[in-house]
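For reference, the structure is listed below as structure tokens.
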Amino acid sequence: NAGVMQNPRHLVRRRGQEARLRCSPMKGHSHVYWYRQLPEEGLKFMVYLQKENIIDESGMPKERFSAEFPKEGPSILRIQQVVRGDSAAYFCASSRSDGAYGYTFGSGTRLTVV
Amino acid sequence: GEDVEQSLFLSVREGDSSVINCTYTDSSSTYLYWYKQEPGAGLQLLTYIFSNMDMKQDQRLTVLLNKKDKHLSLRIADTQTGDSAIYFCAENFSGNTGKLIFGQGTTLQVKP
């Protein structure tokens, strides 16, 4: 069981470029969550998805950020026209249903915008 | 409201017990969690407690929940240097959309 797989582990982008972060949930998990961790802070919820559905995107910035979880393939968090303030660690988590038995987190993607 | 508070730093000597505290605001949370984060790594689920429980013990870890005061604590017995990490408590927000609200994390430093 490979756990939650995120790639890339580290991503460097210049201001104005696009960043694509990928997350493959644990086998048997159909719920995916994205969180952002700014330096020296806790994790902040961004979005919750099930296959082909966005369930809760209350933590997503209104512009430049989007997420999807297609029927086939990993979940993608996309950040368009990145700015320095987007530099953070982005974590993906997955769960079987409503997460009652805990959420399994990936190792994160550390995005640096230069 | 959504708010989880933790103290930022705790230092203990190896072999002592560590107690990390957390307060939360959403009284209808069904589960509360403790996660451990080592430098440069993701979050590792340590334990969780259902809201109708007062205590849960798992080897060196003891979780105490005081629902009246909305207070959660994690006790680590016989703390080792390998326990040095950041510890996050999190609540499962009552909207039940799978949204976890995290505290800002407590850095545990274990001195030999």
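We did not get these values from a lab; they are worked out from the coordinates using the rules stated. For clarity, every value in this text was computed on a predicted model and none was experimentally measured. Note: ideal-geometry Cβ built from the backbone for every residue, glycine included; neighbour counts use all protein chains shown.
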Dimensionless Rg/Rh of the stretch A:1-45, both radii on Cα and Rh by Kirkwood, sits at 1.02
Given the options B:THR81, B:THR62, B:SER29, identify the residue whose Cα lies farthest towards the positive end of the charge dipole of chain B (+1 on Cβ of Lys, Arg; -1 on Cβ of Asp, Glu). B:THR62
Net charge of Cβ neighbours under 15 Å - reference B:THR106; Lys, Arg +1; Asp, Glu -1: -3
Magnitude of the Cβ-charge dipole of chain A, K/R +1 and D/E -1, about the Cα centre, nearest 20 debye? 420 debye
State the antiparallel share, in %, of DSSP beta bridges confined to the protein assembly as shown, rounding to the nearest 5. 90 percent
Per q in 0.26, 0.29 1/Å, what log10 I(q)/I(0) does a Debye calculation on the alpha-carbon atoms of the stretch A:25-74 return? -1.03, -1.14
When you take every Cα atom in chain A, what is the radius of gyration, and what is Dmax, the widest Cα pair distance, in Å? 13.2, 40
Dimensionless Rg/Rh of chain B - Kirkwood Rh, Rg from C-alpha atoms: 0.96
Suppose every K and R has +1 on its Cβ and every D and E has -1 on its Cβ; what is the size of the dipole of the protein assembly as shown about the Cα centre, in Debye to the nearest 20? 720 debye
Of the listed pairs B:LYS36/B:LYS70; A:LYS27/A:LYS71; A:LYS62/B:LYS36; A:LYS27/B:LYS56; B:LYS56/B:LYS111, which have alpha-carbon separations greater than 19 Å here? B:LYS36/B:LYS70; A:LYS62/B:LYS36; A:LYS27/B:LYS56; B:LYS56/B:LYS111
Report P(r) for the protein assembly as shown: all Cα-Cα distances, bin width 10 Å, range 0 to the bin holding the largest distance, values in whole percent. 8, 33, 35, 19, 5, 0
J(HN,Hα) series, the stretch A:18-24, from Karplus relation 6.51 cos²θ - 1.76 cosθ + 1.60, nearest Hz, glycine and proline x: 9, 10, 10, 10, 10, 9, 9
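Report the FRET efficiency, 1/(1 + (r/R0)^6), for B:SER27 and B:SER7, where r is their Cβ-Cβ distance and R0 is 25 Å, rounded to 0.05. If you can, show how the numbers build up before the last one.
Working: r = 21 Å, r/R0 = 0.86.
Once the sixth-power term is evaluated, E becomes 0.70.
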